[in-house]
Amino acid sequence: MSVSAGLRFYAATLTHLSGDDITAALLEPSVVRIGSSASELAGTFGEAVRKTFLETGAYHDVLRYAQSLALRKLSVPLTIPAAKDGHLFPAHEMTFEAFAGELPGGGALGFIPALGLEAFVDKPEDLLRRLQEYVRLEFARTKRLTSVRKLLAAGWFESVEVKETVVPAPFYSLAELKELRLGRQRKFLPLVAESLTPARPRTFGLEEPLEQMIRAARGKYARSILLVGPSGVGKSALVEEFARTRAAHADLAPKAVWETTAARMIQKLIGPSGWQEPLDRLCLELRDDGGWLYVRSLADLFEVGQYSGNEVSMAAALRPALERGEVLLITECTEEEVSRLDVRAPGYTSLFTTIRMAPPDDPALDSIVRKRVEIARPDAVTEALRLQRRYSPYSGFPGKTVRFLESLVPGRTVI
């Protein structure tokens, strides 16, 4: 079992004279964000450390983030001589806000966030002089004294504040590290889903929606497909028919249809580090495979993946891949579920080509059931439909009737 420890993340928030905030990581000067808070940057830092160091067992590399610096503010004055031409600017003094902290093993670190400078000294009393030297070197490197604009840019921050955030970090056991290493080599697609290859026709009277599915799935810019309709109208059967007939189309034949459920996805993808990274790898496999992932219920994807401390559902995690077209999803839901999802996640259903399905009329209904279920007594179909309308009028047609007739003789479709 992994042991959780806290890493110290220090971020400086620099407030520009315009009011905008710039956040920079002190120990990683190259990490700078505009408009992000220190807490958001700390979360990104924690995720990067986990993937880069902790999951590979490189624990020694994260020790520098484990010690507390107890930073204090420090003013660094610097005398600026007059411009050589005597006109650009007069001699004056600039003061930079710095932050200093002594290390437990000796020595001290100093930071000037406005210039992205970091200094180390063996003796804390030498830190101010070292920071002044580094500022002069930075001025010489960037040629600030040759331009008023460059000189002003060194002091255009109204205030600088540093925040310490304790980032939880899981340190894995040897057995868990082995499992993580094997997980990175594992193929998730066959684990999460099964290839859908029906051998016999499953739908009758759904030629138009089937043609719509084929049109949406073809071409360079194929889109994900959302089937909308009441339960029992034939949504799942339509997907199976699409998987069966795609072999007749040269551009669709090489692409497989992988069937799964939201519950199976979360069960197979969850691991010591959560489910987000395995889901990302699954998306890459789907992109390389070029096939479709068939999830029986879109609403279920919004319910799985959330737990204490994480409000991101699996559906939300899939959204960037859907927007980029890297994942082609086939899924289904009812009109009521579409209305709820549009409120919960505005614009999500617009990522799909929506195909709406309605129950067939009475003459077609009787014919569809007779073709789907081989039956010795045709009047049994008429009677089954009459009983369904009488006792279960709001159930799906013709799905419930077909399932009822097939269940009378388990394992057979002939009565």
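The values are calculated or read from the model by the stated rules, or taken from the named source; none is laboratory data. Please read all numbers here as calculations on a predicted model, not as lab measurements. Reconstructed Cβ throughout: ideal geometry from the backbone, glycine too, with neighbour counts over all protein chains shown.
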- prompt: Going by the conditions given, is Val167 outside the structural domain of Ser273 (by the TED database), touching a Phe, Trp or Tyr at 6+ places or on another chain (Cβ under 6 Å) and closer than 30 Å to Leu282 by Cα?
  reply: yes
message: Is it the case, given these coordinates, that Gly116 is out of contact with any helix residue (DSSP H, G or I) (no Cβ under 7 Å at 6 or more places or on another chain) and either loosely packed, with under 15 Cβ neighbours inside 10 Å or outside the structural domain of Gly57 (by the TED database) (or both)?
response: yes
field: Total residues in the range 250-260, condition in contact with a Phe, Trp or Tyr (Cβ under 6 Å, 6 or more places away or on another chain) and free of Cβ contacts under 8 Å to residues at least 60 places away in the same chain
entry: 0
message: Take Thr23 and tell me if it is without any contact (Cβ under 8 Å) to a residue 60 or more places away in the chain, in a strand (DSSP E or B) and either of a type in the set (Val, Ile, Thr) or surrounded by fewer than 14 Cβ atoms within 10 Å (Cβ to Cβ) (or both).
response: yes
task: Filter the range 140-174 for residues that are under 28 Å from Gly6 (Cα atoms), part of a loop (DSSP other than H, G, I, E, B) and small (Gly, Ala, Ser) and give the result.
output: Ser173
query: Has the range 52-61 got at least one residue that is in contact (Cβ under 8 Å) with a residue 12 or more places away in the chain, among the aromatic types (Phe, Trp, Tyr), more than 26 Å from Arg130 (Cα to Cα) and surrounded by 12 or more Cβ atoms within 10 Å (Cβ to Cβ)?
result: yes
message: Tell me the residue from Leu137, Leu131 that is assigned to a helix (DSSP H, G or I), crowded, with 18+ Cβ neighbours inside 10 Å and either out of contact with any Leu (no Cβ under 8 Å at 6 or more places or on another chain) or among the aliphatic types (A, V, I, L, M) (or both), please.
response: Leu131
- prompt: Looking at Leu74, Leu88, Leu69, which one is more than 23 Å from Arg144 (Cβ to Cβ) and either touching a residue at least 24 places away in the same chain (Cβ under 8 Å) or out of contact with any strand residue (DSSP E or B) (no Cβ under 8 Å at 6 or more places or on another chain) (or both)?
  reply: Leu69
- prompt: How about the range 94-150: which of its residues are of a type in the set (S, T, N, Q) and under 41 Å from the mean Cα position of the chain (by Cα)?
  reply: Thr142
query: Within the range 45-56, can one find any residue that is part of a strand (DSSP E or B), of a type in the set (A, V, I, L, M) and either at pLDDT below 80 or under 27 Å from the mean Cα position of the chain (by Cα) (or both)?
result: no
- request: Collect the residues in the range 287-331 that are more than 30 Å from Gly232 (Cβ to Cβ), out of contact with any helix residue (DSSP H, G or I) (no Cβ under 6 Å at 6 or more places or on another chain) and not in a helix (DSSP H, G or I), keeping them in residue-number order.
  value: Gly290, Tyr307, Ser308, Gly309, Asn310, Glu311, Val312, Gly325
- prompt: So which of Ala263, Ala247 ends up being touching a residue at least 40 places away in the same chain (Cβ under 8 Å) and either surrounded by fewer than 19 Cβ atoms within 10 Å (Cβ to Cβ) or assigned by the TED database to the domain that holds Val338 (or both)?
  reply: Ala263
- prompt: Which condition number does Ser36 fail, the rest of (1) closer than 30 Å to Leu174 by Cβ; (2) buried (at least 16 other Cβ atoms within 10 Å of the Cβ); (3) without any contact (Cβ under 8 Å) to a residue 40 or more places away in the chain being met?
  reply: (1)
field: Selected residue (only one of Pro77, Pro90 is part of a loop (DSSP other than H, G, I, E, B) and modelled with pLDDT of 80 or more)
entry: Pro90
message: The conditions are (1) in contact (Cβ under 8 Å) with a residue 40 or more places away in the chain; (2) not in a loop (DSSP other than H, G, I, E, B), and Pro29 fails exactly one of them. Which is it?
response: (2)
field: Pair list, Cβ < 8 Å and 6+ apart or interchain, from the range 267-283 residues that are on the phi < 0 side of the Ramachandran plot and part of a loop (DSSP other than H, G, I, E, B) to residues that are among the aromatic types (Phe, Trp, Tyr) and surrounded by 16 or more Cβ atoms within 10 Å (Cβ to Cβ)
entry: Pro272/Tyr172
